[in-house]
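What follows is a set of notes on a single structure, which appears directly below.
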Amino acid sequence: MAKVKASKGIGNIPNKILHSRISYLYQAATYLSAAQQPHSDSKPVSTKDSSMATSKDSETESERVMATDSSKLTTSSQAAYRPSSRRLISDLRSVTLKGQVRISPAMKQSICKKCDTLLIDGSTCTNEVENKSRGGKKPWADVLVRRCHICSLEKRFPMAAKRQPRRPHRQSPDDSLLEGTHNG
C-alpha cells in the first residue's frame, strides 16, 4: 500500500504536536495568571455591644478592617496561581528549546526572560514609552520599556515609526542635477 499524500496547507505543518503543546501551555498560563478565586460578598456578622452600636467611629473602623482583610484575601488568592503559571511558562520554554521551535514574537514579548512570569500590563508589569533623543524630538527613537514587578527586569522594544531616509537619499535625483549645473 502506498502512502497517502498530505494535502497542502494546514495539514503539512512540521512539529504540529509541539505547536499545539506550546499553545496549550501558553493559554493555561494566561488563564491561571488572570484567574481569581471567587470570594463571598457576604459580610461577616459582628457581635457588638449596644454601647458600641451607637458610636459611628467604631462602625467605620470595623468597616475599614473588613475592607483591608478582603483586599488581602484577593491579593493572596491572585498570588496563589502565579507559581503554577510560572511553571507552565517554564515548561513552554523547555519544549521550545528541546524541539527547536520558534515562539511567536508576541508570545515571546509577553514572557519575562529572567523569572518566567507572564507579563500582564498593570498586574505583573508596567509599560512606559521612552525617547532618549534630544528632548524627545525624534519619533523613531521611541522605545517601549516593559518592567517586571517580580524580578525588576526591563525589556526594551523599538516602536514602529518610519525613520527619515539618510541625507544622500533625501534629495531627489532632479535636485542633485540642478545643483551640479549651478556650480559648474
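Below are the figures for this structure:
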read-out	value
Number of positions in region 125-153 that are under 12 Å from the mean Cα position of the chain (by Cα) and of a type outside the set (A, V, I, L, M)	7
Residue within region 94-113 that is assigned to a helix (DSSP H, G or I), within 15 Å of A28 (Cβ to Cβ), touching a residue at least 24 places away in the same chain (Cβ under 8 Å) and touching a strand residue (DSSP E or B) at 6+ places or on another chain (Cβ under 7 Å) present	no
Every residue from region 10-34 that is in contact (Cβ under 8 Å) with a residue 40 or more places away in the chain and aromatic (F, W, Y)	Y26
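Readers should treat all values here as calculations from the given coordinates under stated rules, not as data from a laboratory. Keep in mind it's a predicted model, so treat the numbers as computed, not measured. So basically every Cβ, Gly included, is an ideal-geometry build from the backbone, and we count neighbours across all protein chains shown.
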